[in-house]
1. Which residues, counting only those in the stretch 245-257, are within 12 Å of the ligand (Cβ to nearest atom), open to solvent by 20 Å² or more (accessible area, probe 1.4 Å) and of a type in the set (A, V, I, L, M)?
2. Taking Val93 and the conditions (1) within 11 Å of the ligand (Cβ to nearest atom); (2) under 18 Å from the mean Cα position of the chain (by Cα), which numbered condition does it fall short on, given that it satisfies the others?
3. Of all residues in the stretch 115-140 being more than 12 Å from the ligand (Cβ to nearest atom) and either buried (at least 16 other Cβ atoms within 10 Å of the Cβ) or closer than 16 Å to Glu40 by Cα (or both), which is nearest to the chain's Cα centre (by Cα)?
4. Anything in the stretch 264-277 that is open to solvent by 10 Å² or more (accessible area, probe 1.4 Å) and in contact with a helix residue (DSSP H, G or I) (Cβ under 6 Å, 6 or more places away or on another chain)? List them, or say none.
5. Which residue pairs have Cβ atoms under 7 Å apart, sit 6 or more places apart or on different chains, and have a first residue in the stretch 162-181 that is closer than 14 Å to Ile265 by Cα and within 15 Å of the ligand (Cβ to nearest atom) and a second that is open to solvent by less than 60 Å² (accessible area, probe 1.4 Å) and in a strand (DSSP E or B)?
6. So which of Thr236, Thr221 is within 21 Å of Phe168 (Cα to Cα) and open to solvent by 70 Å² or more (accessible area, probe 1.4 Å)?
7. For the stretch 58-65, does any single residue satisfy the condition of being farther than 21 Å from Arg126 by Cβ, in the same structural domain as Thr158 (by TED's automatic domain parsing) and within 10 Å of the ligand (Cβ to nearest atom)?
8. Do we have any residue at all in the stretch 67-76 that's more than 15 Å from the ligand (Cβ to nearest atom) and more than 22 Å from Val133 (Cβ to Cβ)?
Amino acid sequence: MTRIAIIGPGAIGGTIAAWLAQNPAFSVTVCARTPFADLEVTTPSGTIVAHPEVLTDPASARVVDWVMVATKTYDVEGTGPWLDHLVGADTRVAIIQNGVEHVRLFSHLVSPERLVPVMINLPAARSAPGRIVQQRHGIIAVPAGKNGDDLVALFAHTEIEALVDPDFLSQVWIKLCSNSAAIFPALTLRATGPVWNADIEAIIRGVVEECAMVGRAEGATIAQSVVEATIESARTMSEGTRGSSLQVDRMEGHKMEIDARNGVIVRLGEKHGIATPMNRLMVTLLAASGSPWIVQAT
Ligand SMILES: NC(=O)c1ccc[n+]([C@@H]2O[C@H](COP(=O)([O-])OP(=O)(O)OC[C@H]3O[C@@H](n4cnc5c(N)ncnc54)[C@H](OP(=O)(O)O)[C@@H]3O)[C@@H](O)[C@H]2O)c1
């Protein structure tokens with residue numbers, strides 16, 4: 001029996017837990033902040049239900065073979081008490097989050113050789129604790145090596161497509177390029193398509209070009225077509241489109257993954273001597289806009 005614990009059973013963690021729990025060879029535990037009885041996930045191929053063990057007290061957790069962390073990046077520190085109880089001599093820890101700093105964010109909590117960064121393309125939303133809609137086919141990618149191979153094998157009997165990418169660094173930066181543009185609608189609380197004009201295009205182009213430049217300086221291969229496709233996607237974004245999780249977090253008055261998505265471009269830009277004025281401006285404005293009274297007024 002392979003023992004798997006998922007910390008943070010939200011949209012992503014809950015979907016992954018439900019898929020993995022379909023395999024009778026796995027014992028799945030979810031480590032939750034908000035309790036629920038069972039998981040019900042509406043997927044593109046039908047509804048799946050799972051009854052994993054649900055824990056809310058880190059002290060009740062036991063050592064497992066695999067931990068999968070699927071909290072938001074701003075909740076990293078809260079995973080510490082869980083990891084203290086779940087990680088034993090042979091445990092590996094997959095970090096399923098957006099951004100490019102999976103290992104850096106957790107290296108003070110888990111020794112880096114046990115950490116497996118995961119890039120996930122799986123749009124999902126939670127309607128209530130344990131109730132999730134997986135909107136499209138899901139893909140996860142991991143770096144090459146034994147840890148990556150073993151993680152991919154866990155998903156063999158799910159409909160989540162898991163693959164090893166020998167150029168994982170490029171993969172996460174390409175995703176960051178496309179995520180970086182979402183800061184504009186998160187700030188304006190409007191879809192970009194209906195208000196599109198040359199000035200907005202210049203701002204979004206600036207944000208994405210800076211991301212690509214910093215990513216390339218970090219060693220990623222990012223084709224110019226990635227930048228153009230991201231701008232095109234912003235140009236055609238229609239009103240009523242569910243905003244990015246950055247926007248949803250802002251509208252719901254939560255913290256936001258600003259640092260993991262755009263702050264990182266500014267920070268790593270500084271390291272490489274690359275100016276990132278557009279990201280710096282947007283990060284500053286969005287961070288300042290997050291106060292509760294503005295959220296209520298919108
Ligand atoms: N959703 C998507 O479509 C999507 C797609 C690709 C990538 N991502 C990335 O995936 C990551 C997870 O996103 P998400 O959308 O799944 O977020 P989410 O729905 O907000 O889920 C996060 C979960 O973490 C839980 N949590 C926070 N602190 C905890 C703690 N100390 N112990 C246990 N659980 C804790 C939250 O508990 P509560 O139940 O109390 O809130 C929530 O269930 C993010 O980095 C996001 O950017 C998301």
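1. Within the stretch 245-257, Val248, Met256 meet the criteria.
2. (1)
3. We begin by selecting, within the stretch 115-140, every residue more than 12 Å from the ligand (Cβ to nearest atom); these are 115-116, 137.
Imposing the further condition that a residue be either buried (at least 16 other Cβ atoms within 10 Å of the Cβ) or closer than 16 Å to Glu40 by Cα (or both) reduces the set to 115-116.
Numbers: Leu115: 16, Val116: 14 Å.
Step by step, filter the stretch 115-140, then rank; the result is Val116.
4. Val266, Leu268, His272, Ile274
5. Note: pairs meeting the criteria are Val172/Met119; Lys175/Met119.
6. Values: Thr236 fails: within 21 Å of Phe168 (Cα to Cα).
Going through Thr236, Thr221 in turn, the sole match is Thr221.
7. In the first step, residues of the stretch 58-65 are kept if they are farther than 21 Å from Arg126 by Cβ; the result is 58-65.
When the remaining residues are screened for being in the same structural domain as Thr158 (by TED's automatic domain parsing), the result is 58-65.
Checking the rest, the ones that are also within 10 Å of the ligand (Cβ to nearest atom) come to 58.
The answer is yes, given that some residue of the stretch 58-65 is farther than 21 Å from Arg126 by Cβ, in the same structural domain as Thr158 (by TED's automatic domain parsing) and within 10 Å of the ligand (Cβ to nearest atom).
8. First, pick out the residues of the stretch 67-76 that are more than 15 Å from the ligand (Cβ to nearest atom): none.
No, because not a single residue in the stretch 67-76 is more than 15 Å from the ligand (Cβ to nearest atom) and more than 22 Å from Val133 (Cβ to Cβ).
The values are calculated or read from the model by the stated rules, or taken from the named source; none is laboratory data. Nothing here was measured: the structure is a model prediction, and the numbers come from that model. Here the Cβ is made from the backbone with ideal geometry for all residues, glycine too, and neighbour counts use every protein chain on show. The accessibility values were calculated without ligands, DNA or RNA, using every heavy atom of the protein model including side chains. Shrake-Rupley method; radii C 1.70, N 1.55, O 1.52, S 1.80 Å.
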